[in-house]
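Asks: Dropping the structure in here first, questions after.
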Amino acid sequence: MRELSLHILDLAQNCVAAAAKNIHLTVNEDEQGFFVITVADDGRGMSEELVRQVRDPFVTSRKTRKVGMGIPFMDMVAQQCGGHVDIKSSLGQGTEIKAYFEKDNIDRPPLGDLASSIKVLLVGAPEIDVVLDYIRPPRSLHFATKEVREILGPTADFTNPAVYQWVEEYLRQEIARVQGKEDVG
């Protein structure tokens, strides 16, 4: 994948498949010299044995196909960029995957279209609560679907084009602000 946002979406879709009710995504562009992506959920989790084997693309819990490429690809890209992937998981408790990339490594793929990836996740799994924390010191963004639901009430249907388009545009503006690219007027 050419963009890290697509890796994030792929890993978040694994959370959905693991029956997560909550997904917490964090992108920290400078965590002690590393660009760090965290995808955490409260889904089924993995056994210790599966955690040890999950970096192998021919090990997957899916029944529909015999390969799982999300974690192995993320692990490969992180290693190519002077980083690594940490996986913590417990059965019935969920999973946390943290991918570290050297912040200024020339081979690190760009973040890409994070707003679109979040939109796709919400449209595909509107019942799940998603939190996104995007940190680029000294600025940050915190977005939570629970807060959107509290504001919109019963109309907070993330499959509704008006809602998901608003979310996408809001995220685009806030991500630009965090990156220092907002329009100054």
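Asks: Taking 0.36 nm per residue of sequence separation and subtracting the Cα-Cα distance, how much length would be gained by fully extending the chain between Asp133 and Met76, in nm to one decimal? Can you show the working numbers first?
Replies: On the way: separation 57, 0.36 × 57 = 20.52 nm, distance 2.41 nm.
Fully extending the segment from Asp133 to Met76 adds 18.1 nm.
Asks: OK, next. If each DSSP helix of 4+ residues adds -39,500 (n - 2.57) and the sum is divided by the residues in the chain, what number results at 222 nm, nearest 500 deg cm²/dmol? The partial results should precede the final answer.
Replies: Working: 6 runs with 68 residues, N = 185.
Counting only the DSSP helices, I get -11000 deg cm²/dmol.
Asks: Within the accessible area of the chain, what % is carbon and sulfur when the probe is 1.4 Å and the other protein chains stay in place? Provide the component values of the computation, followed by the final result.
Replies: Working: 5150 of 10050 Å².
Ligands and nucleic acids excluded, carbon and sulfur reach 51 percent.
Asks: Which of the peptides 5-13, 165-173 is most tightly packed, and how do the rest follow, going by the mean number of other Cβ atoms within 10 Å of each residue?
Replies: For the peptides 5-13, 165-173, the packing ranking is 5-13, 165-173.
Asks: Another question about this same structure. Straight-line reach only, C-alpha to C-alpha below 19 angstrom: list the aspartates and glutamates that Lys21 could link to, leaving out same-chain residues fewer than 8 apart.
Replies: The qualifying aspartates and glutamates are Asp10, Asp41, Asp42, Glu96, Glu127, Asp129, Asp133, Glu147, Glu150, Asp157.
Asks: Another question, then. With a 10 Å cut-off between alpha carbons and a GNM built on the chain, which of Gly45, Gly82, Gly70 moves the most?
Replies: Looking only at Gly45, Gly82, Gly70, the biggest GNM fluctuation is shown by Gly82.
Asks: Quick one: accessible surface of Thr159, probe radius 1.4 Å, all protein chains present, in square angstrom to the nearest 10.
Replies: For Thr159, solvent-accessible area is about 60 Å².
Asks: Note down the accessible area of Tyr134, probe 1.4 Å, to the nearest 10 Å².
Replies: Per-residue accessible area (Tyr134): approximately 0 Å².
Asks: Then there's this: Calculate the translational D of the chain in whole µm² s⁻¹ from Stokes-Einstein, where the hydrodynamic radius comes from the Kirkwood formula applied to all Cα pairs, the temperature is 20 °C and the viscosity 1.002 mPa s. Mind dumping the intermediate values first?
Replies: Working: Rh = 17.0 Å.
Translational diffusion coefficient: 126 µm²/s.
The values are calculated or read from the model by the stated rules, or taken from the named source; none is laboratory data. Computed from a predicted structure; not experimentally measured. For neighbour counting, all protein chains shown are included, and Cβ atoms are generated from backbone atoms with ideal geometry for every residue, glycine included. Ligands, DNA and RNA are stripped out before the accessible areas are found, and what is left, the full protein with its side chains, is counted by its heavy atoms. Shrake-Rupley method; radii C 1.70, N 1.55, O 1.52, S 1.80 Å.
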